1. Need the failing condition index for B:A154 against (1) in contact with a Phe, Trp or Tyr (Cβ under 9 Å, 6 or more places away or on another chain); (2) away from chain C (no Cβ under 11 Å); (3) of a type outside the set (S, T, Y); (4) more than 14 Å from B:K216 (Cα to Cα), just the number.
2. Can you pull out the residues in the stretch A:385-430 that are among the hydroxyl-bearing types (S, T, Y) and open to solvent by 40 Å² or more (accessible area, probe 1.4 Å)?
3. Of the numbered conditions (1) free of Cβ contacts under 8 Å to residues at least 60 places away in the same chain; (2) in contact with a His (Cβ under 8 Å, 6 or more places away or on another chain), C:G56 satisfies every one except a single condition; which is it?
4. Which one is farthest from ligand 1 (Cβ to nearest atom), of the residues in the stretch C:351-393 that are more than 28 Å from C:D501 (Cα to Cα) and among the charged types (D, E, K, R)?
5. Within the stretch B:135-190, how many residues turn out to be on the phi < 0 side of the Ramachandran plot, within 16 Å of ligand 3 (Cβ to nearest atom) and aromatic (F, W, Y)?
6. Testing A:L138 on (1) under 15 Å from A:T391 (Cα atoms); (2) among the aliphatic types (A, V, I, L, M); (3) modelled with pLDDT under 95, one condition comes back false. Which one is that?
7. Under the condition of being closer than 27 Å to C:A324 by Cβ and crowded, with 21+ Cβ neighbours inside 10 Å, which residue from the stretch C:727-760 is farthest from the other protein chains (Cβ to nearest Cβ)?
8. From the set of residues in the stretch B:97-128 that are modelled with pLDDT under 95 and in contact with a strand residue (DSSP E or B) (Cβ under 7 Å, 6 or more places away or on another chain), which is farthest from ligand 7 (Cβ to nearest atom)?
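The values are calculated or read from the model by the stated rules, or taken from the named source; none is laboratory data. Fair warning: this is a prediction, and the values are worked out from it, not measured in the lab. Note that each Cβ is placed from the backbone with ideal geometry, even for glycine, and that neighbours are counted across all protein chains shown. Just the protein is used for accessible areas: all its heavy atoms, side chains included, with ligands, DNA and RNA removed. Shrake-Rupley method; radii C 1.70, N 1.55, O 1.52, S 1.80 Å.
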Amino acid sequence: MADTADGPDQTLLRPIAETGRGFYWAVALLSIPILWGALAYSVQFYEGLGVTGLHQPVSWGFYVTNFVFFIGISHAGTLISAILRLSKAEWRRPITRMAEVITCMVLFIGASQILVDLGRPDRLLNVILHGRYQSPLLWDATSISAYMMASLTYLYLPMIPDIAILRDRLGKRKLFYSVLALGWTGTERQQRILNRAIAIMAVLVIPIAVSVHSVVSFVFSMTLQPMWHSTIFGPYFVVGAIFSGIAALIVAMIIFRKAYGLQHYLKPIHFRYLGQLLLVMALLWFYFTFAEYLTGYYGAEPEELKVFWAKFTGPFWPFFWGMVLCNFVVPLACLVSLKHHTVGKVLTASLFVIVGMWLERFIIVVPTLSFPRLPFPEGIYWPTWVEWGETAGSFGLFALFYLLFTKFFPIISIWEIREGREGLKEVEERLITYLPDEAEERT
Amino acid sequence: MALWGMVIDLDRCTGCQACVMACKAENNIPAVGEKEAKRERIISWMQVLTETDEEHHGEKMRFIPRPCLQCDDPPCTKVCPVYATYRNPEGIVAQIYARCIGCRFCMAACPYNAKYFNWHTYQKEGPGQNPDVSVRPKGVVEKCTFCHHRLQKARARALAEKRDFDPREYVPACAEACLAQAIVFGDLSDPVSEVAKLARSPRAFKLQEELGTKPKVIYLTEGEGGG
Amino acid sequence: MRFTRRKFLQLASGTAAATALLRDRLSGFGQASGELERWATPEEISVPSICQQCPGGCGLLVRTLDGEVAGISGNPLHPVNGGALCPKAFAGLQLLYDSNRVKGPMARAGERGKFRPIGWDEALSMVTARLSDLRGKGLAHTVVILGGQYRGYRDALWKRFAEAYGTPNYIRARCFSPEKPALAHRLMQGVTSPLSHDLAQARFILSFGAGLLESWTGPVHTSRAFARLRRSGDRPRGLLVQVDPRRSATAIKADRWISLAPGTDGVLALGIANAMIREGLYDQEFVAEHTFGFEDWVDSAGRQHQGFKNLVLQDYGLFTVSAATGVPVKNILEIARNLATLKPAVVVGERGPAFGPDDLHTRMAIHSLNALVGNIGVTGGVQIQGELPLAPLPAVDQDAAAKRGLAQPRIDGAGEKQYLLASDAPQLLPERIMSGIPYPVNALFLYATNPLANQPGKEALAGAMKKIPFILSFSPFLDESSAMADLILPDHTYLERWQDDQITHLAGFTCFSVARPASKPLHQTRNTADAVLQIGQALGGGVAQNFPWKNFAELLHEGARGLYEAHRGYVVSIHAEEALRKVLEREGFWVPEFKDFDAFWKGLVERGAWWDPTGLPVSRKALLRTASGKFEFYSTALKDLVDKAAKQEDKAASLVAALGGGKIEDQLFLPAVAVPRPAQTESFPLRLITYRLMSRPMGGGKNQPWLMEQPAVHVRASWDGWIEVNPKTADALGIKEKDWVWVESAKGSIKLQAKLYSGTRADVVQMPLFGNGPNPNDLIANEIDISRGFGLLNTTQVKIRRA
Ligand SMILES: Nc1nc2c(c(=O)[nH]1)N[C@H]1C(S)=C(S)[C@@H](COP(=O)(O)OP(=O)(O)OC[C@H]3O[C@@H](n4cnc5c(=O)[nH]c(N)nc54)[C@H](O)[C@@H]3O)O[C@H]1N2
Ligand SMILES: Nc1nc2c(c(=O)[nH]1)N[C@H]1C(S)=C(S)[C@@H](COP(=O)(O)OP(=O)(O)OC[C@H]3O[C@@H](n4cnc5c(=O)[nH]c(N)nc54)[C@H](O)[C@@H]3O)O[C@H]1N2
Ligand code: SF4
Ligand code: SF4
Ligand code: SF4
Ligand code: SF4
Ligand code: SF4
Ligand SMILES: [Mo]
């Protein structure tokens, strides 16, 4: 049946089949921040971390912030798509792939932030040679690599049928696709195994994802430092992660919807659902933030308060209140009603959330370090062009990866859409099972 | 097994920084230069902190010399992913410069900011340096070692002279220099040692004791009072 | 009885551990060396030396590996510092290895400021040629030698050179001469050698602006005393009160900081005296028996004279004093009571820089408190040093040319007119040189001084130096002044040379330090002392005969002979050994440690110092050498000086005026300080105070990055100088922490960063003598301190505004 992939889904193959001027423009555009980042890092590699704005006592800054942020984004995909799959939410079909791709791409970017932050990247191997499992950094290494593996598999499995389609329909890269397609012919048996595998991965990936951002938070909460040493950091970080993840997903969807003309696939309804999900996360995030800061404030431990006020009214107030605006006020305003201009509103909210979540990570990392317990000079940290460059480069690289992916694989799962179409009957039956039995009603 | 510790009498300390400079000379601590200094990157294993108490609206000032407090339960060692900083059996918290990957996690974890980072290559081997202490490369963390090399030398000496090693022979550079004799060093596990006696003084207190890091650098308060 | 070191070591084996420690740190001498060899890396030697970063004179142990310096620590045997050091000592490493040192003789190339390297022989012959030429022309006296802070045989050698060559112009540029008795002490006690304050034994220390824990006579020795004051054994905790307009480190550590209006110390002292007398808190017995001029008195001619008591009771009532000084009456009373109740108590007022125009009477007023306390010659009070029994150098035999030169008046006019009391008046050099009166200057030598940076009159001097045809600097560093020289003969740094030190402000013991080179010279430099000998010898004839020594080392060796032959005192050695000797000595026999002088010299050089811990029995006689044999509140010595002057000059008007009097009257000879009226200050409302940081070595330390990086702990600063402003004052002027501000005086204006420091008076701004960038002397007015002939350093009015 693989050979009958004609009809409406042509649009999904077009970006792979032909490459327009737009693509080259995009690549050119993205290469600017990427080159800037490359230059920045090479300078840092030879000069040492001294070229950054870091100092005594602010020994962590942009890089660690980016690390937490990107790993957070990574929760977009896999987690969301897994949840939707398991809950058999039909509207998921055009979304899951996009989500999973985000995860895989951003995980690499996120993990590499740590490498960039090292004073001696040349000694990275020591982590394996002399690894000390007591250190949360190793917990991170472990669960992030696990997450990477899982996500890649989880991305790859549902792609097999589509790759087969590409192998058969597409003129070019025959060898490449046939290898990846693993001789998929779409027999009942293959289909069954595949669905099974996908289901298992979906279950597997959720706890791993949750673990990832919990241990990321442990990097901070395991220390004794004011406003880091907190028990709710685990869930707090996970919620934030999913929050930013959804936002990132929405932005990606809207971009490709426009670029590849996927309006028929990604309809306002999808955005309305995701928007509502985003709203829920915004409320959850606010709840955690509130709880976290209230305990700090109420406990009124002098060191805690020093940092607390530094964020509320002190040198960090623009970042803190900026965060509240981006993560709560704006999303609330945009998302309460999505009857009209759904896409526009959801996009605005998402963009703000992305900025807001980055600020949140920053406001967690830096102020605590800037206000030591002992009477030290308060170090106010300001990043240099190197850190800006590295950050811009990271975003650029992420975008480029994503773009390239869409040039090789359909960004929307063709077969799942089709399965959706064909499966309408079955879905209907399933829906009926949700409802109370008529027979019983009569009696 | 000895448990090395230090008592610093704040009533005597004049904030002169002799300990700071003695430490720099003894441990090959580089001057980072004007630009770096203004970027707050001065390396000072021993650092004299100045506390101005608010009630007297800055009228009163107090000097607190702060080496690495050699915590008995050090938050800095746990977080090191590569065992580049660890507590040795005699309670000295050591750094392995050759292994440190420069993640600065230990810096973030030390509640006393006793760790310092080599943001650049600040010095090469050169004249005037102490051959007993290695010169640190860029990208690694360093801190007060309780002048561990002096312990090793003292032991070697005792061995060579075929006699028991006497703890009094092990004196860190800062304690040796202190012109107000405010720094007393010795074996806390030996109840009759001077340092142990002072540590029991009613004036004795520890920095951020509530954190449970169990510092082995103990302070004596200023002003009247026994001890 | 014979008492060998070997026997001793067996005796002292109880303290084996302690001694072992010392042994390894001392280059192995005698018995110890044998053991040393076995474990120490053979090429590692510790060489005793003397720190020269301030006048403290602390003993060093310089760690050398194959003769290369690898570390500095304190000499545990040295009685001044007992192994302790201050931050500056360690930075000596950076001074030694400073890459910008003058690496060999340099001659001017083209206009001043440009140099070309030349060889030593050529350089020295240039100097001798010039000197003998001048001498031949009968112009020996036109050679001016300007010297900085140093003492001992380097001073003796320069004196000798000046005398043998024939110039009266060996001028010391400094406001603090530890080796000379303070003027007030000389005039009130008639002493000829410096008094010392027995801080280590005192239970109450009252200091008028002496930077006990930062500067003064060397912070290590005084800080050790401070440590004892705080807690030592079962001795109760003593008290320190610091009188200082600025909250200095000493003030921070003091039990009470008395902030007063700058320059009003004399008034405060007299206020304290008033309280003591009023409440009968002074030592009646001492005052009755051993002082002169306390009560009103009648002289031989039957003239009635006012006594100190009535002077104080009439003119220095507590409220007057409180109003003038800004010190609350209750604090004045508290101090008076402490002085009376906490014994022994000592009052220190001999800070370096002058207290103001009427410095002499201020210091007399402060010193009279010691008399009221009755601590003269008391343990824990004011004491005196015994002379070091060094072999005197043979008297200079002056040839005709020398006599002719020495007969000439001093160029700086020290010892004349209003400078009658001053032994040096560097501040006058500029105008004298410019005017060519009494005579033009043909050569200027700069030794261990950098007047173009450190003298308030530096601009004028720079101008004057243009008129001097030949300027010779001996500095190892290219400082502001050396840069203007025609020839530089770079000295060794102190770690590379033979030198001695004769510390004279110690209580309870006398001490002579000697040091051999710790490091071989790193560059083509030469110990200036040797250079002077060579120049003297090269000048030949009448001059050369006065310089019989091969080199400076030999001169030191000859001088030390006297110590050996004095049959008292010891070459410092392991504490236990020392203690034992004292016991024996108390039993009545002094034990010679060395069989002959050579052994003595060897021991001296290997351990670094000789001392006489028994000191002199401090009898009051030794301390009260005035005409009346008493402590003179009314200084007859001063009166005689003024009367003599009156005979020579026209009524000595200038001197009397300078001493703050209109006519010659009792007030002039008593510690009477005029109660100052608030000055006219609309245009310049703030008083500028300059001070020394603990971390400031002599020379400024710009070549010592460790010190530049962490200069202070009371404010946060690095590398650059700053100005301290009272937070309220700053607020009124809209100045915030770290703002750049213009500081402007009548003389000039400079731009630097402001530090808001609560230890600053509202009407004062403070600037350390530190850092890159502007120098306080760019602002300081050219007022002269008549008793030092030096600029007044803390009397300049300024204003500040945001830049
Ligand atoms: N570290 C260091 N020590 C040194 C030197 C050095 O360069 N560095 N130089 C040596 C030399 S040459 C000298 S002369 C001595 C000088 O040593 P000190 O005599 O101690 O002189 P300063 O340290 O300049 O000033 C001491 C204090 O006087 C205060 N002061 C200013 N005006 C007044 C006033 O009107 N009344 C009172 N009561 N106090 C006032 C200042 O605030 C300062 O705190 O130090 C010697 N020791
Ligand atoms: N504003 C202000 N000005 C002051 C003072 C103040 O308190 N405030 N204090 C005044 C006082 S008390 C004094 S004593 C003067 C001190 O001022 P100076 O007499 O100039 O003494 P230093 O500042 O110690 O400078 C000594 C110079 O000698 C040179 N030198 C260093 N080591 C050696 C050596 O081993 N051999 C030789 N031949 N030369 C060497 C160095 O180049 C250095 O510049 O400053 C005075 N100036
Ligand atoms: S050396 Fe002694 S007195 Fe000076 S700062 Fe250090 S501890 Fe305090
Ligand atoms: S003081 Fe800081 S560095 Fe030193 S042991 Fe404690 S935690 Fe570690
Ligand atoms: S910086 Fe070095 S010592 Fe500190 S935690 Fe990282 S690897 Fe360990
Ligand atoms: S113990 Fe040694 S390393 Fe530690 S501060 Fe003192 S001198 Fe420096
Ligand atoms: S007090 Fe003076 S002499 Fe003594 S160590 Fe410090 S600088 Fe050197
Ligand atoms: Mo001086």
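1. For B:A154, the failing item is (2).
2. Of the stretch A:385-430, the ones among the hydroxyl-bearing types (S, T, Y) are A:391, A:394, A:402, A:406, A:413.
Correct list: empty.
3. (1)
4. C:D358
5. 1
6. Single failed check for A:L138: (1).
7. C:V743
8. B:P127
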